[in-house]
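Here the structure is laid out as structure tokens; the discussion comes afterwards.
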Amino acid sequence: MEAEIASLQAAALAEIETVGDRSSLDAFKVKYLGKQGEITKLSEGMRHVAKEDRPRFGKALNELRQSVTSRVEEREQALASQADAEALSRVDISLPGIPAEQGALHPLTHLLDRAVRIFRRLGFAVAEGPDIEDEWHCFDALNTPPDHPARNEQDTFYLPDGRLLRTHTSTVQIRVMENQAPPVRIVAPGAAYRRDEVDATHLAQFTQMEGLYVDRNVSVADLKGTTEYFFRQLFGSETEVRFRPHFFPFTEPSYEIDIRAKSLGGKWMELAGCGMVDPAVFEAICQKRGDRAFDPDVVSGFAFGFGLDRLAMNLAQVPDIRMLVENDLRFLKQFSAL
Amino acid sequence: MNISLNWLREFVDWTGTPEELATLLTRTGLEVGNIATRGADFPKVVIAQILEATQHPNADRLSVCRVDDGSGHPRQIVCGAKNFKVGDKVPLALPGAVLPGDFKIKVGKLRGVESEGMLCSAKELSLAADADGLLILPADAPVGQPIATLFPPETAFEIEITPNRPDWLSHVGIAREVAAFTNQPLKWTRPAAPQTTEYAGRIGNLERCPFYTLQRITGVKVGPSPDWLRQRLESVGLRSINNVVDVTNFVMLEIGQPLHAFDAAKVNGDVQVRLAGEGEKFLALDGREYTLSADDLVIADSARSLALAGVMGGEESGVTETTTEILLESAIFQTSGVRRTGRRLDLHSDSSYRFERGIDPAGVLAASARATQLILELAGGTVAGSAEVSGTEPQAPSPVALRQGKVNAVLGLELTAEEIASALSGLGLTAKEVSEIATTWGIPSHRLDLTREVDLVEEVARVVGIDRIPSKVSANPAEPTKADASYDFQIRVRGRLAGLGLSEARTSTLVSPASVWSEAEAIKLKNPLGEDQSFLRSSLIPGLLAAVERNLRYGAASVALFEIGRTFHARGREESPTLAIALTGQSRASSWRDGAAKPFDWWNLKGIIAALIPVELEWKKADAQGDLALVSTVSANGKTLGLIGQLSPAAARKLDARESVLVAEIDLSALQSIPASPVYREIPKYPATTRDIAIVVPATLPYGEIEKTLLAVREPLLVDIEPFDVFSDATGAKLAADRKSVAISLTFRAPERTLNSDEVTASVSRLRDKLKADLGAEFRE
């Protein structure tokens, strides 16, 4: 019996060395370990073994089964890793990737959102107002004389009912102050319209961003600091900011802001208008509100506004402003960077 | 407006460069555009005369000249030009001269012959863009004198003047500002007013013309203006006409008061200032006939209108070569009236430009006196009587009180009372009453813009300069607004759509009538730029489709666009934030792995909307509208959000689309109002069981009906229904042509235990029975 076990073991262990694939291994398993397999058959011989010898034979048989099983497992693992390696070796990692379609935000959205985030860092909230406005919000409340050329039908779009398309986002200043007592600290991005013939640098509809800060003791120093901070955040800390005295009906003193920055091509660029809110604007608001919440002897404020389209053009070196509204995908997709 | 530096220097000393002056003017609030220099201001370039010219021994094209440079020692110059003769006077650049382009003149040899300088062309002296040969100077040009004596250097500044500062519309006005900002005296005093006599009844409308003066001058001889006058006018871009007209223009440019001279011989009877008759015709100096309205002010005689007051003179009453007697007008016309007339007739002049902005009342008679004196000087003649004065010279502006504290509060500075006073005095304001707190300032007559305290604050700010004001930046949190919430929401929607592969478009709010689906519901402009921009868009879809078309024409294989913008409606909410999507072409490009490209279809769009709005959506077929042949509304929680649609094939072909064109439009406010509840829901602990069924139903039966039927059974364990194959065969070979086979995967799960096979089987069997009973479904096993 022991001799049989030993010879079976020798035969099995010799044979497994010759097994080269999965199916021969399966056949081997059936041949030796299966229900009718050699080892099972040998185990059945236990019946004829003397009782006192049984533990010894049992043990030997067990060892036989274990050694074969363990070799089978080893072999199985070796075959599996061999198959895995072969499978991986067939993966051609040099083939091009399958494109994942990536959209893009409009360059104006990128710029506008950067601007909003900078002002939010300073604690400004976002405000909005309608595109369709009345003369009071667009002109009267902003201290624009009744015969001012801006009110002209040549320059401003009117509706048949006498209302108009706002010519600037400064209307939002008025909307906000009508509804909210000081302090007011807002930025308002939005569309504005002027009856300009469209060309490489003009659109009849453009995008502006307006800012307003009204509180006690707001001065030109705040105006200067805030706008300088904004433009340096937007264009880089090396950005030069220049304030030129100017005139707007709704601010006094008024300034135009010029910027010179590497990111804008290193040339002085007229970018924004700003100033201290004119007392006449506060008076118009007080009258409308029926209170003295914006008494110009108590509160003061600054306002600023700038166009985003030309800025986006200059930042991205876009040669023609009309490209911003043509929506050519070959253009838009250039702005998909993170 | 153009300002000449030479002219300006008559009234204020300026030793800096033109660029430095431009910087100073900018600091005062003037916007300086182009700076044009003319003339030839080159040291060591002199007027020379050619004494002798011989052929160069070694070069056919060159001559050797002996020229007189005024030094008494003739110079030898080699020259390549041929256009001169001996005796001509020409510009000579002496050794050491530097010509434009940093061209340094030295003594040198040309083909072996020494040349002690260079004879110049007009181009070499930047006097002309091109030149053929030497610049031949007038025979009387003084030899040896600098070339600048013939071509005096001149710098003209193009200046933009803000509407609040009419006092800047003259050389004296600008000089006044330069003097104030450089602490120099103004070298000008206002000419004394002439003798006047009251002339009553001349002005028919005192509101439109508060003050009118006429000076008669007889015996004038109209002729060309002298060089100095011609040069002054030309230096700022005006054409010389004749000595009388030139004087009126000159005085306007000098002190800002527009003047007009009438030919007295052409005036019949009395001069009147009155409103025009409605429909009255007027032939203006520009040769055009204008039809006037009863709101236009005219200067008229007993027969007809002679001039459009403050705007333009008449063709028939102007000064000509034959004029011998003139009436010189100097007046004030109401700003808004002149503006209305100018706008109505689209007629603008240097005169109306000034009257529209406001006139220094003290300048009216001064200008008359100055012009009279110049006319007498240049055209002879005598003053006939006193200036006839009608109306009253308007009062100088009222004094304005300024609190020192206010200045510092607005500017963020701590200026002393003395600093403030010095700033304002420099500008010609005079302190009237001084107290601890405030000073009352007298305002000079030319500063019509200074009427309020804040106007004086601004003056102090200008003089002190913004550079002196410190920069202060502070962060104070404002209460977030509704606009903040919608801004953030819209940015998230934009980001998600870009992540889904769509690119953001921005189209115009102003659209053509063809882009408006219902004119009754759309808002129209009263004064559009053109028919194609005459409506406010009521939908974003037409604009996006135009963008689709443009991209397809450029050969785009795939177009996936979205836009977030306002739409405008005549009914309901006037302005609504809206999202629109347009898709066509490849949704998936062809690749080595997936084979051929796949076009966008209805279900891609549905998938995008579902990914954008991660709540249970309800889709409902709706009627076709406009170009949309297939339409479905989409709602959530019973609230309609918008629609999706597919263009009719005909409409798609019009866009050059070869595949389906899909669009969606969603109301962003409705979308934003869907409650976002990021609250944890338990993740299933027990495994799900999936069973597939395949049914054959009529080809026209919508899948939605099948799903509805399955849901109607209310199987408590059924958690998901997913179709995974839809098959039909038009040939009828594999399946009757009017039938389709739909394979559906049913997922069952119980939250608290693992399901056993029998209960799932029982459930599936109930579902099958229902499909059979309600839809007549057959089963493919």
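The values are calculated or read from the model by the stated rules, or taken from the named source; none is laboratory data. What you see is a predicted model, and the numbers here were worked out from it, not measured in a lab. Neighbour counts are summed over all protein chains in view; Cβ atoms, including those assigned to glycine, are modelled from backbone coordinates with ideal geometry.
Points worth noting:
- Criterion violated by B:N527 - all others in (1) without any contact (Cβ under 8 Å) to a residue 60 or more places away in the chain; (2) closer than 30 Å to A:D113 by Cα; (3) at the interface with another protein chain (Cβ under 10 Å from one of its Cβ atoms); (4) not in a helix (DSSP H, G or I) satisfied: (2)
- Boolean, B:A657 is surrounded by 17 or more Cβ atoms within 10 Å (Cβ to Cβ) and either among the small types (G, A, S) or farther than 30 Å from A:P99 by Cα (or both): yes
- Taken over segment B:198-251, the criterion of being under 38 Å from the mean Cα position of the chain (by Cα), closer than 22 Å to B:L150 by Cα and not in a helix (DSSP H, G or I) is satisfied by B:V236, B:G237, B:L238, B:R239, B:S240.
- Pick from segment B:559-569, criterion within 10 Å of chain A (Cβ to nearest Cβ) and touching a helix residue (DSSP H, G or I) at 6+ places or on another chain (Cβ under 8 Å), ranking: nearest to B:K654 (Cα to Cα): B:V559
- For first residues located in segment A:1-17 and surrounded by 10 or more Cβ atoms within 10 Å (Cβ to Cβ), partners that are basic (K, R) and lie 6+ apart or on another chain with Cβ distances below 7 Å form the pairs A:L13/A:R71; A:I16/A:R71; A:I16/A:R75.
- So B:P166, is it within 30 Å of B:A461 (Cα to Cα) and either buried (at least 23 other Cβ atoms within 10 Å of the Cβ) or in contact with a Ser or Thr (Cβ under 7 Å, 6 or more places away or on another chain) (or both): yes
- Taking the criterion of being part of a helix (DSSP H, G or I) and either surrounded by 20 or more Cβ atoms within 10 Å (Cβ to Cβ) or under 27 Å from the mean Cα position of the chain (by Cα) (or both), the residues of segment B:9-29 that qualify are B:E19, B:L21, B:A22, B:T23, B:L24, B:L25, B:T26, B:R27, B:T28.
- Restricting segment B:521-568 to residues that are in contact with a Phe, Trp or Tyr (Cβ under 6 Å, 6 or more places away or on another chain) and hydrophobic (A, V, I, L, M, F, W, C), the residue that is surrounded by the fewest Cβ atoms within 10 Å (Cβ to Cβ) is B:L525.
- From B:A596, B:A589, B:A560, B:A582, residue being at pLDDT 95 or above and out of contact with any Gly (no Cβ under 9 Å at 6 or more places or on another chain): B:A582
Conditions tested, residue by residue: (1) surrounded by fewer than 23 Cβ atoms within 10 Å (Cβ to Cβ); (2) touching a Lys or Arg at 6+ places or on another chain (Cβ under 9 Å); (3) at the interface with chain B (Cβ under 9 Å from one of its Cβ atoms).
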| site | (1), (2), (3) |
| --- | --- |
| A:P189 | no, no, yes |
| A:Q233 | yes, yes, no |
| A:S237 | yes, no, no |
| A:F247 | yes, yes, yes |
| A:G265 | yes, no, no |
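- Sole exception among (1) on the phi > 0 side of the Ramachandran plot; (2) modelled with pLDDT of 95 or more for B:G381, by number: (2)
- Residue under evaluation B:A498, criteria (1) under 28 Å from A:R194 (Cα atoms); (2) within 11 Å of chain A (Cβ to nearest Cβ), criterion not met: (1)
- Test: residue in segment B:588-607 that is on the phi > 0 side of the Ramachandran plot and surrounded by fewer than 18 Cβ atoms within 10 Å (Cβ to Cβ): yes
- Residue in segment A:34-46 that is in a loop (DSSP other than H, G, I, E, B) and surrounded by fewer than 12 Cβ atoms within 10 Å (Cβ to Cβ) present: yes
- Lone qualifier among A:R260, A:R195, A:R151 - being in contact (Cβ under 8 Å) with a residue 12 or more places away in the chain, under 25 Å from B:D346 (Cα atoms) and more than 9 Å from chain B (Cβ to nearest Cβ): A:R151
- Those residues of segment B:10-31 which are more than 15 Å from A:Y255 (Cβ to Cβ) and without any contact (Cβ under 8 Å) to a residue 60 or more places away in the chain, in sequence order: B:T15, B:G16, B:T17, B:E19, B:E20, B:T23
- Residues of segment A:271-295 satisfying the condition of being farther than 22 Å from A:P146 by Cβ and at the interface with chain B (Cβ under 9 Å from one of its Cβ atoms): A:M276
- Within this structure, B:S503 passes the test of being of a type in the set (S, T, Y), at the interface with chain A (Cβ under 9 Å from one of its Cβ atoms) and touching a Gly at 6+ places or on another chain (Cβ under 8 Å).
- Pairs meeting the criteria (first residue in segment B:37-61 and small (G, A, S), second residue assigned to a loop (DSSP other than H, G, I, E, B) and buried (at least 16 other Cβ atoms within 10 Å of the Cβ), beta carbons under 6 Å, at least 6 apart or on different chains) are B:G39/B:F151; B:A40/B:L125; B:A40/B:L127; B:A40/B:F151; B:A48/B:D69.
- Some residue of segment B:719-740 being surrounded by 13 or more Cβ atoms within 10 Å (Cβ to Cβ), modelled with pLDDT of 90 or more, under 21 Å from B:E618 (Cβ atoms) and in contact with a Pro (Cβ under 6 Å, 6 or more places away or on another chain): no
- Within segment A:314-338, if we keep just the residues that are more than 7 Å from every other protein chain (Cβ to nearest Cβ), touching a residue at least 40 places away in the same chain (Cβ under 8 Å) and assigned to a helix (DSSP H, G or I), the residue that is farthest from the chain's Cα centre (by Cα) turns out to be A:N314.
- A single entry from B:S471, B:S486 fulfils the requirement of being within 32 Å of the chain's Cα centre (by Cα), at the interface with chain A (Cβ under 9 Å from one of its Cβ atoms) and in a loop (DSSP other than H, G, I, E, B): B:S471.
- Residue identified as at pLDDT 90 or above and part of a loop (DSSP other than H, G, I, E, B) among B:P95, B:P91: B:P95
- A:P160 vs. criteria surrounded by fewer than 24 Cβ atoms within 10 Å (Cβ to Cβ), more than 9 Å from every other protein chain (Cβ to nearest Cβ) and out of contact with any Gly (no Cβ under 6 Å at 6 or more places or on another chain): no
- When residues of segment B:533-544 are limited to those that are within 11 Å of another protein chain (Cβ to nearest Cβ) and part of a helix (DSSP H, G or I), the one nearest to B:R588 (Cα to Cα): B:L544
- Within this structure, B:L297 fails the test of being without any contact (Cβ under 8 Å) to a residue 60 or more places away in the chain, surrounded by 21 or more Cβ atoms within 10 Å (Cβ to Cβ), aliphatic (A, V, I, L, M) and farther than 16 Å from B:T323 by Cα.
- Test result for A:G97, assigned to a loop (DSSP other than H, G, I, E, B) and either under 25 Å from B:E563 (Cβ atoms) or within 7 Å of another protein chain (Cβ to nearest Cβ) (or both): no
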